[in-house]
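Asks: Would you mind keeping the following structure in view while I ask a few things?
None of the figures in this text is laboratory data; all of them are computed from the coordinates on show. All figures in this text were calculated on a predicted structure; none of them were measured in a lab. Reconstructed Cβ throughout: ideal geometry from the backbone, glycine too, with neighbour counts over all protein chains shown.
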């Protein structure tokens, strides 16, 4: 029970960090275009993150039981995954880089599971057909393919949408365009916040649900007093209290803000006008919502970052500060392997101390 409480606290710490680390995903453009002040934007994002987080559990189920075999999961495995994700999240936040909390958690989980399984790579679910949903599931279709596809779709989709807007709006004056899209960007920023919550908050829900299921299977909750019986989770499921707790924690983290990353995405990478912010946010939100619907734990960071690059490139290719972009891409590339190593190392250390 004590280890579960440690896991629960670590999961909520990760969720809080995810909130302020990824707050920039939802609000960087609306801040950079000066449609809202940073404080107003953060409150808007926190509000819609909260509601988005309560909309479904498909992503949570992918994280909890769709990537790693159950026999490789213990409380220590889950804690190792969270340690890896927290360390990487704080490190990249300190550097001001918009890295993927999703991939950090997945990398940490895979690394920790390999430690628990003594290096048996067979515990990782690479690709499994799910007859109930008539689709392939596992690391390859749900993590690896979207990791490469989503940035490309974000960049191209945002660029096409921006070019379409240019064609439609070419006869209007810049003042009218800024006035109209200053209002519309409130809608797109709200949708982006909602989409972020609907995907990112579910990842921690899945981890906590996994810990509950693992604890129940191991007998950790057998001798608890009656008022704690709600912890019993004989089949993998995401309880309502987990959904609400994660939603509130992410909203609180979002309210804390992530100013370093906001500056990178909203100011350093490319200069934006309201119409660009609207195009980037709308494109990203649409992609993220589609991913949430089919249970893909997408990197919202990848999608909104490349959407911003896409709209910036339509102004002129040199409008995007590719030096900043290269730093961001390196953070993306390193996330899975580095967090995998951290998760493996953390689990090995805990196993060395006799923790199971």
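Asks: For a footprinting-style exposure proxy, rank 79, 139 by other Cβ within 10 Å, fewest first.
Replies: The fewest-first ordering by Cβ neighbours comes to 139, 79.
Asks: Go ahead and estimate [θ] at 222 nm for the chain from helices alone: -39,500 (n - 2.57) per DSSP H run with n ≥ 4, summed, over the residue count, rounded to 500.
Replies: Mean residue ellipticity at 222 nm (helix-derived): -24500 deg cm²/dmol.
Asks: Please report 281, 348, 222 as a ranked list, fewest other C-beta atoms within 10 angstrom at the top and most at the bottom.
Replies: Working: 281 31, 348 16, 222 10.
In order of increasing Cβ crowding within 10 Å: 222, 348, 281.
Asks: So how tilted is helix 101-116 from the main axis of the chain? Cα-based, degrees 0 to 90, rounded to 10.
Replies: That works out to roughly 20 degrees.
Asks: Taking the chain as a Gaussian network, where each spring joins two C-alpha atoms under 10 Å apart, which residue of 180, 152, 31 fluctuates the most?
Replies: Most flexible of the set in this elastic network: 180.
Asks: Going from the alpha-carbon gyration tensor of the stretch 278-343, what semi-axes, largest first and in whole Å, does one get by taking the root of 5 times each eigenvalue?
Replies: 23, 20, 5
Asks: What's the extension gain from residue 271 to residue 334 if we count 0.36 nm per residue and subtract their Cα-Cα distance?
Replies: Values: separation 63, 0.36 × 63 = 22.68 nm, distance 2.67 nm.
Net length gain for the segment: 20.0 nm.
Asks: Arranged by the count of other C-beta atoms within 10 angstrom, fewest first, what order do 147, 135 take?
Replies: Working: 147 21, 135 12.
Fewest-to-most Cβ neighbours within 10 Å comes out as 135, 147.
Asks: Using only the C-alpha atoms of the stretch 88-183, find the volume of their convex hull and express it per residue in Å³.
Replies: It comes to 177 Å³ per residue, whole-number rounded.
Asks: In degrees, nearest 10, range 0 to 90: what is the angle between the Cα axis of helix 38-53 and the longest Cα principal axis of the chain?
Replies: Computed tilt is about 50 degrees.
Asks: Compare 228, 336, 184 in a GNM of the chain, Cα atoms joined below 10 Å, and give the one with the largest fluctuation.
Replies: Of the options given, 228 has the highest mean-square fluctuation.
Asks: Using r as the Cβ-Cβ distance of residue 152 and residue 326, and R0 as 22 Å, what FRET efficiency do you calculate, to the nearest 0.05?
Replies: Working: r = 17 Å, r/R0 = 0.76.
For R0 = 22 Å, the calculated efficiency reads 0.85.
Asks: Which value results for Rg/Rh of the stretch 2-352 when Rg is the Cα radius of gyration and Rh the Kirkwood radius based on the inverse mean 1/r?
Replies: Reported Rg/Rh (Cα atoms, Kirkwood Rh): 1.00.
Asks: Relative to the longest principal Cα axis of the chain, at what angle does helix 274-293 sit, 0 to 90 degrees, rounded to 10?
Replies: 30 degrees
Asks: Oh, and also: How would the stretch 1-143 be classified by its alpha-carbon gyration tensor: rounded, prolate or oblate, with rounded meaning a/c under 1.5 and the a/b versus b/c comparison settling the rest? Numbers along the way, then the final one.
Replies: Details: a/c = 2.15, a/b = 1.63, b/c = 1.32.
Because a/c hits 1.5 or more and a/b exceeds b/c, the stretch 1-143 counts as prolate.
Asks: Could you calculate the contour length gain from residue 70 to residue 241, that is, 0.36 nm times the residue separation minus the distance between their Cα atoms, to one decimal place in nm?
Replies: 59.3 nm
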